[in-house]
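Written out below as structure tokens is the structure these notes cover.
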Amino acid sequence: MKIMMQDRLVACVCWMLLVLAAVQPAVAAKPLELNYFAKHPDYQYAEISPDGKHIAVSLIQDEQIVMAVINRESMKVTAGAKPELGASVNDFYWVNAERVAYTISNDPPEYDFPTGNGELYAVNADGSQHKAIFGYRAGREFEGRNTFLRRKKNTYAGHDLVDLLPDDEDYILISEYPWQVKGNYWVGNQYAKPDLMRLNVYTGLKKKVETLPIPGSYARTDDKHQPRICIGADEKSNLQVAWKPSADGDWQDFAVDSLQGTAIPLELSTDTGTMLVWASDKTKRPRGFYQVDLNTASSKELFVHDYADVHRFMRDIDTEKVIAAKMLTGIPEYHYLEGLDNRTVKLHQSLRQAFAGQDVVITSHTSDGEEAIVLVSSDRNPGAFYIFNTKTMKAKYLFASQSWVDPELMRPMQPIQLQARDDTTLHGFLTRPEGDGPYPLVVVPHGGPHGVYDSWGYDAEVQLLANRGYAVLQVNFRGSDGYGDAFEEAGFGEWGASMQDDVTDATLWAIEQGITEHDRICLFGGSYGGYAALMGAVREPDLYRCSIGVAGVYDLPMMFEKGDIPDSRSGLGYLRKVLGEDEQQLQARSPASRAGEIKANIMLIHGGEDVRVPIEQAERMREALRAVDKDPQWLVFSKEGHGIFAEENRVKYYRQVLKFLDKNIGG
């Protein structure tokens with residue numbers, strides 16, 4: 001089963017693309033071909049079967065994400081899944097020792113939060129019984145001898161895995177999200193309450209268990225695999241949580257007076273009558289672990305970091321209970337809730353010592369806990385997968401995520417800390433090229449911007465720039481996730497204001513530190529980062545020589561009218577919460593409305609099929625710049641979405657951006 005799970009529940013889409021250049025480019029050791037950084041990974045993810053006999057992996061093949069099942073003994077592919085053209089495998093998991101289930105997404109593989117097409121397929125490890133078991137095409141197959149009585153039905157709905165039901169190899173528990181007809185299409189019914197279903201992983205037959213109380217919500221089970229927790233959002237995009245005091249009880253609101261906002265339950269123990277929650281207290285400190293007594297509704301702090309949210313958690317190999325918190329504080333930190341007498345804690349600490357300076361994630365393990373797949377990665381290592389034997393404490397190399405990448409040729413990502421003009425502490429990262437500074441610098445505001453933050457790890461585009469002699473500065477401005485609710489909420493209503501000031505202050509810090517000099521700095525970002533790149537050119541016309549926006553937002557009022565965010569009640573609520581509805585202020589904070597204040601040279605890059613930030617945003621910005629006789633460089637990829645994915649396009653993209661930067665801040 002998977003041990004590591006991301007716990008941030010609501011996040012806005014971002015896709016950040018970075019490429020930069022220099023005034024008199026520093027000499028970069030061993031310049032590498034653009035394709036070195038444009039190539040897709042060999043392997044994306046790997047998970048071992050419960051009996052340890054097979055490994056399921058995902059990889060990119062012909063611009064699609066596909067799945068393969070590998071026999072451990074022969075290391076040959078015995079089963080696989082390659083969806084029709086234009087679709088990709090979205091997720092997969094072992095439902096028992098012989099059968100793996102997977103979902104399909106019709107979104108391009110680069111899409112940050114792919115929206116699956118609702119279907120669930122399953123296949124045996126030997127390739128047999130490969131079929132759709134849920135979705136709008138599942139009813140095309142017949143089951144059982146009496147097909148008239150046992151015919152499956154097409155289900156026009158999406159789904160979410162709730163519980164693998166480990167004591168029942170034939171069934172899993174899912175939540176079903178009904179669709180409705182809108183015009184000529186089936187779309188999700190955002191007002192419908194999901195049904196919980198027991199689904200047979202071989203036949204696709206299902207049986208309703210109950211209905212969840214919150215529209216569009218998802219459920220989690222207790223330690224007896226009974227649905228007890230329901231998590232969703234209201235029309236203002238605020239989280240809602242409900243729970244059942246007993247397995248056969250009624251749903252009721254869940255709140256803890258001593259905790260701020262909504263506490264997110266992670267696990268419920270029926271034996272102790274306690275619930276582990278991820279939350280913040282009334283002071284809005286960083287989110288951490290609290291234990292809630294279900295009888296008294298009182299809370300007890302288990303762990304809270306000084307300044308960083310708990311980002312992920314790790315489960316025990318033997319009990320599946322949460323035993324560790326992970327924080328992305330520069331090089332990731334871990335806090336263990338158990339001591340070294342715990343097998344999983346001892347295992348993980350040993351692995352971290354063996355792979356010093358890198359992050360270690362246990363992706364999955366066998367049902368007896370004797371073997372586990374481990375992913376090792378760092379700022380210079382894209383990731384390598386190992387099989388680890390918990391008895392012999394020995395690791396065996398499986399394969400690398402990007403086999404051609406030599407970590408010795410990559411540059412380290414240095415965690416930094418600085419003070420903003422109002423004395424707010426900001427965290428970020430600096431990647432320096434080889435040689436002595438000052439360097440040409442590109443400041444890269446991340447996308448999102450809320451629910452997202454820059455973290456330590458391998459980034460091909462950052463490494464490309466460092467390889468060519470450029471320094472890259474990334475700062476987690478207020479509004480970013482990862483540093484507590486108060487820090488994130490400080491960015492609400494501050495697009496183009498204090499959030500932009502933080503980016504400026506980080507740039508000035510880099511100058512003061514001697515990292516770079518005036519006239520050698522460019523802004524570059526994607527999605528919200530594209531907005532910040534252009535707004536920085538508006539707010540600080542004499543600080544930046546050039547600015548590049550990729551899939552950026554340039555007209556804030558347009559966000560309420562175009563794109564997929566305002567299509568849902570939660571998306572519209574999100575926009576109202578983080579942007580506000582003051583039309584005059586929105587116009588004043590839109591780069592397209594203030595093009596006349598821009599001195600920097602501009603490059604706009606967009607995908608013609610972007611549904612998150614439609615190309616009309618870029619067209620509006622180009623029109624505004626042309627109106628003041630400042631024609632931007634224009635690069636559109638007609639078949640790309642919210643980012644540049646195809647390898648051929650990525651090479652062209654890198655080449656054009658580097659050429660633009662050489663012209664503006666190169667020698």
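Take the Cα atoms of the stretch 311-394, build their convex hull, and give its volume per residue in Å³.
Expressed per residue, the convex hull around the Cα atoms of the stretch 311-394 is 89 Å³.
Given R₀ = 60 Å, FRET efficiency for residue 517-residue 303 by Cβ-Cβ distance, to 0.05?
0.90
When 621, 197 are ordered from fewest to most other Cβ atoms inside 10 Å of their Cβ, what list results?
Ascending number of Cβ neighbours within 10 Å: 197, 621.
In deg cm²/dmol, rounded to 500, what helix-only [θ] at 222 nm does the chain give when every DSSP H run of at least 4 residues adds -39500 (n - 2.57) and the total is split over its residues?
Computed ellipticity for the chain at 222 nm equals -4500 deg cm²/dmol.
Please work out how much length the chain gains when fully extended from residue 291 to residue 389, using 0.36 nm per residue of separation minus the C-alpha to C-alpha distance, in nm with one decimal.
Going from the current span to full extension adds 32.0 nm.
Would you mind ranking 185, 336 by Cβ crowding within 10 Å, fewest neighbours first?
Lowest count first: 185, 336.
Can you sort 599, 39 by how many other beta carbons sit within 10 Å, fewest first?
Arranged by neighbour count, lowest to highest, 599, 39 become 599, 39.
Could you check the spin-label model distance between residue 404 and residue 349? Points 7 Å from the Cα along Cα→Cβ, value in nm.
4.2 nm
By per-residue mean of other Cβ atoms within 10 Å, what is the highest-first order of 630-642, 211-223?
Output ranking for 630-642, 211-223: 211-223, 630-642.
What is the packing order of peptides 613-620, 125-132, 543-550, taking the mean over residues of other C-beta atoms within 10 Å and listing the highest first? Kindly include the intermediate steps, with their values, before the conclusion.
Working: 613-620: 22.4, 125-132: 15.1, 543-550: 26.8.
So the peptides 613-620, 125-132, 543-550, ranked by packing, come out 543-550, 613-620, 125-132.
Hey, can you rank 496-509, 170-183, 74-87, 521-534 by average C-beta count inside 10 Å, highest first?
In decreasing order of mean packing, 496-509, 170-183, 74-87, 521-534 become 521-534, 496-509, 170-183, 74-87.
What are the principal axis extents of the Cα atoms in the stretch 220-303, in Å, biggest first?
Here the Cα extents, ordered largest to smallest, are 35, 32, 19 Å.
Would you work out the relative contact order for the chain, in percent, from Cα pairs under 8 angstrom that are 6 or more residues apart?
14 percent
If the reach is capped at under 19 angstrom between alpha carbons, list the lysines near residue 321, excluding any in the same chain fewer than eight residues apart.
2, 224, 300, 346
Read-outs: derived from the displayed coordinates by stated rules, not from any lab. None of these values were measured; they are calculated from a predicted model. All Cβ positions, glycine included, derive from the backbone under ideal geometry; neighbour counts span all protein chains shown.
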